[in-house]
Amino acid sequence: MQASSRERSHAEVRRVWPRDGRIRVIGTVIIDGKPDGAPVDKSWQLCLTSRERPELPAPTGVKRLTDRFMRTLSSSSRPTPRRLYFPVSSDGADFEAVVPLGDLAVWDALPREHWDMHVVARRGERKLLLRVGGHLDDMPGKKQIVKYPEQYKDGVAVMPYYTDGDDLAIRCARRGDANRSAR
């Protein structure tokens, strides 16, 4: 199968295991259409980016001090950031990442939220940002074919799914009763 230019550099999914309160993703780093096990300056990380959460402005020095003081006086938590990072273990071009459900089923969970997945590293001056997806398996249209089970934590349903472009993402939804799903 001839890969399109969009599919030439990405993180190819081989397995997804949503169970036991976590989502485990196993795959291969593909750069320029070939598995790439070349060393990176810093370890790979899995980056989840929320489509719905706003980008929080970087706090000033005074704001950071004020926030630190307020956290010592109250038990309120900071809002969940738009990007979450998780460690990735790698062996050559192969990688494995684990996303604990507790990091997605947060106190400020939105009614519906979608998280896009990328693996991120730096090689010299070049930042590598690769979308996680399944493009090289001769099975287009995974969104209609592949269904993963939902897991539940703290009133939030969490489920990995494939997008229209065969990229892997995670869908979260607050649940009020046992009959509603994260779709």
Selected residue (criterion: nearest to K34 (Cα to Cα)) from residues of region 6-21 that are open to solvent by 100 Å² or more (accessible area, probe 1.4 Å) and at pLDDT 95 or above: R14
T72 modelled with pLDDT of 65 or more and either of a type in the set (S, T, Y) or surrounded by 10 or more Cβ atoms within 10 Å (Cβ to Cβ) (or both): no
Residues being modelled with pLDDT under 65, surrounded by 11 or more Cβ atoms within 10 Å (Cβ to Cβ) and either touching a Phe, Trp or Tyr at 6+ places or on another chain (Cβ under 8 Å) or in a loop (DSSP other than H, G, I, E, B) (or both) - total across region 34-69: 2
Entirely in region 96-183, the strands (runs of 3 or more DSSP E) that have 1 or more residues that are open to solvent by 20 Å² or more (accessible area, probe 1.4 Å) and touching a residue at least 24 places away in the same chain (Cβ under 8 Å): 112-123, 126-133, 151-153, 168-174
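The values are calculated or read from the model by the stated rules, or taken from the named source; none is laboratory data. This one's a predicted model, so the numbers in the text were calculated from it and none came from an experiment. In this analysis, Cβ positions are derived from the backbone assuming ideal geometry, glycine residues included, and neighbour counts consider all displayed protein chains. Areas reflect the complete protein model, heavy atoms only, side chains present, ligands, DNA and RNA absent. Shrake-Rupley method; radii C 1.70, N 1.55, O 1.52, S 1.80 Å.
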